[in-house]
Amino acid sequence: MSTVPYAILEAPSTLGLATDGVERLPDQLLDLGLAERIHARRAERLAVPPKEPTPDSETGTLNASAIATWSSKLADAVEAVLDAGEFPVVLGGDCTIALGSMLAFRRRGRYGLLFIDGNADFFQPEAEPNGEGASMDLAFVTGYGPSLLTDIEGRGPLVRPEDAVAFAYRDHKDQQEYGSQPLPEELKALDLPAVHAMGIEAAAREAVDHLTREELDGFFIHLDADCLDDAIMPAVDFRVPGGLSWDELGAALRVALSSGKAVGLEITIYNPLLDEDGSAGRGLTGVLAAALGTAAP
């Protein structure tokens, strides 16, 4: 079996959040030895433009123009890694980095998205209390929201809704309380109760089967640290009880990677400032290193 070497891109954007902290994710995981453990080349660290304190009046979204412009730069960096024959491991940042990652693949063909996240991230601007794009990224990337963010480079949707799987989210109460728009019917939804009812291996296989259909050129993996159980991953800005165990996340990643159709991975939202004893960061680095190995199939 041929393998593809890893290359790490540092994308420390907090443009999708009102708060800061997650921009330290790349430094922390790299300090914990992630690059060495997966034998990854450190490809590039992207500069991030300054943030505006109030949402843009046209889109109702914080830093909307900056996100749109910066997404093209991240896409260029992802494409450079792909052109070098490597598998991009993108260290965020907040969840809006998904727009740049998926733009890179949208330029190249039709790709799917395995969206492993504790939140469905499908808010619309008028329902998001702070105008934070990090609560709306799955909506934006599948074409729901202001065209500035859904139709970057005129390529929207960056992922067709039927080519995405929302996996292990558990923010149902929050969606209801603030009035998040529902996930579209054609977007495959396997929430945390469904994942636990099926068992992690079976649920991950069902997700991956959906993303390895013949019409797709491959699929990208979005991993938000808040998919993990709050008891082991308290170092996230928006905490919700429950979540996946380390073993469950590792199993899901292994099923996805072993398909041979995964084309890249991004990690978001882990906030080292909230990781008092460092255990959450060590656990995250460990599960990633174990699942990724030293090259991708």
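Coordinate-derived values only; no laboratory data. Note that the coordinates shown come from a computational prediction; the quantities given were computed from them, not determined experimentally. Don't worry about glycine lacking a Cβ; one is built from the backbone with ideal geometry, like all the others, and counts go over all protein chains shown.
Can you tell me the relative contact order of the chain? Whole percent, Cα pairs under 8 Å, sequence separation 6 or more.
23 percent
How much net charge surrounds Glu186 when only other residues with a Cβ under 12 Å from its Cβ are counted (Lys, Arg +1; Asp, Glu -1)?
-1
Ranking Thr96, Thr3 by Cβ neighbours within 10 Å, fewest first, what do you get? Numbers along the way, then the final one.
Working: Thr96 35, Thr3 12.
Ordered by Cβ neighbours within 10 Å, fewest first: Thr3, Thr96.
Kindly write out, for the stretch 189-204 in residue order, the coupling ³J(HN,Hα) from the Karplus curve 6.51 cos²θ - 1.76 cosθ + 1.60 (θ = phi - 60°), rounded to whole Hz, with x marking Gly and Pro.
Listing the rounded values in order: 10, 10, 6, 4, x, 5, 4, 6, 5, 7, x, 4, 5, 5, 5, 5 Hz.
Residue by residue through the stretch 31-48, what is 3J(HN,Hα) from phi via Karplus (6.51 cos²θ - 1.76 cosθ + 1.60, θ = phi - 60°)? Round to whole Hz and write x for glycine and proline.
The phi angles translate into 4, 7, x, 4, 4, 5, 5, 9, 6, 9, 6, 8, 7, 6, 10, 8, 6, 10 Hz.
So who's got an amide H within less than 5 Å of the one on Asn63, skipping anything under 5 residues away but keeping other chains? H placed 1.01 Å off N, in plane.
Long-range HN contacts for Asn63: Glu52, Asp56.
Could you let me know the centre-to-centre spacing of the stretch 87-155 and the stretch 164-243, using Cα atoms, in angstrom?
Comparing the Cα centres of the stretch 87-155 and the stretch 164-243, I get a distance of 14 Å.
Arrange Cys227, Cys95 by Cβ neighbour counts within 10 Å, fewest through most, would you?
Details: Cys227 26, Cys95 30.
The fewest-first ordering by Cβ neighbours comes to Cys227, Cys95.
How large is ³J(HN,Hα) for each residue in the stretch 74-88, as worked out from phi by the Karplus curve 6.51 cos²θ - 1.76 cosθ + 1.60 (θ = phi - 60°), to whole Hz, x for Gly and Pro?
Each residue of the stretch 74-88 in turn: 5, 4, 4, 5, 5, 5, 4, 5, 4, 5, 7, x, 10, 9, x Hz.
Excluding residues on the same chain fewer than 8 positions from Lys261, give the aspartates and glutamates whose Cα lies under 13 Å from its Cα.
Straight-line reach from Lys261, under 13 Å: Asp209, Glu214, Glu215, Asp217.
Tally Lys/Arg at +1 and Asp/Glu at -1 over every other residue whose Cβ is under 14 Å from the Cβ of Ala203; what's the total?
Values: positive: Arg170, Lys188, Arg205, Arg254; negative: Asp191, Glu201, Glu206, Asp209, Asp247, Glu248.
With Lys, Arg at +1 and Asp, Glu at -1, the neighbours total -2.
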